């Protein structure tokens with residue numbers, strides 16, 4: 001049975017972006033070439049519902065995005081595909097918004113996704129403004145937000161069985177401090193994590209982090 005990698009696109013974005021700009025097929029073929037012809041089963045899930053959608057990967061008035069990713073997607077995968085059902089052989093990853101979502105899944109559902117890839121993601125779910133995020137998705141409650149916020153969870157819980165990677169482009173200077181802080185918080189919570197600045201890469205443009213082979217290494 002094969003391990004599983006669930007991938008999520010950014011915003012704006014669509015699942016197909018992983019196959020175009022992300023060059024997913026090439027990346028997996030390269031991986032298989034170095035691993036005896038084998039690669040994970042990769043499922044690119046639609047976590048946003050539209051190009052500009054952002055349900056924040058939580059269950060909220062914006063939709064039950066957390067349930068979709070933590071329950072519906074794994075159920076579909078194990079029902080329809082020949083995969084390893086052991087969650088230690090499952091990972092979730094994403095770019096930008098998808099990276100944020102991957103970190104959310106890893107901290108909120110570590111028994112489902114104990115391994116994650118955060119490619120240029122923010123350390124917390126956001127609609128661009130924290131207060132707006134609270135009002136739209138959490139009924140204005142900071143407490144409700146804190147219950148699902150990765151950074152809050154990392155401060156209050158231990159994750160000794162989790163592992164992950166934080167990758168950011170070396171041109172993404174605004175993102176680097178936030179990504180590094182998230183990696184440090186994850187390490188302090190017991191996760192086996194590492195932080196990588198991908199040379200010559202940005203979150204978008206000619207050298208996207210998603211197309212770098214380093215996220216499979």
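Read-outs throughout are calculated quantities, based only on the coordinates presented, and are distinct from any laboratory measurement. Keep in mind that what you see is a predicted model, and the values were worked out from it rather than measured. Glycine also receives a Cβ, built like all others from the backbone with ideal geometry; neighbour counts cover every protein chain displayed.
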>> Just to be sure I understand the model, the point goes 7 Å from the Cα along the line to the Cβ. What's the resulting residue 16 to residue 33 distance in nm?
In response: 2.7
>> Using 0.36 nm times the number of residues separating residue 79 and residue 2, minus their current alpha carbon distance, what extension gain do you get?
In response: 26.3 nm
> If all Cα-Cα distances of segment 13-105 are sorted into 10 Å bins from 0 onward, what percent lands in each bin, rounded to whole numbers?
Replying inline: 14, 44, 35, 7, 0
> What's the FRET efficiency of residue 89 with residue 194 using the Cβ-Cβ distance as r and R₀ = 25 Å, to the nearest 0.05?
Replying inline: 0.80
> To the nearest whole percent, what portion of all C-alpha pairs in segment 4-216 is separated by more than 24 angstrom?
Replying inline: 38
> With each label point set 7 Å from Cα along the Cα-Cβ vector, what nm distance links residue 152 and residue 46?
Replying inline: 3.1
> In nm, what is the difference between 0.36 nm times the number of residues separating residue 163 and residue 142 and their Cα-Cα distance?
Replying inline: 4.8 nm
> Over the chain, what is the mean sequence separation of C-alpha contacts under 8 Å (at least six apart), divided by residue count, expressed as relative contact order in percent?
Replying inline: 19
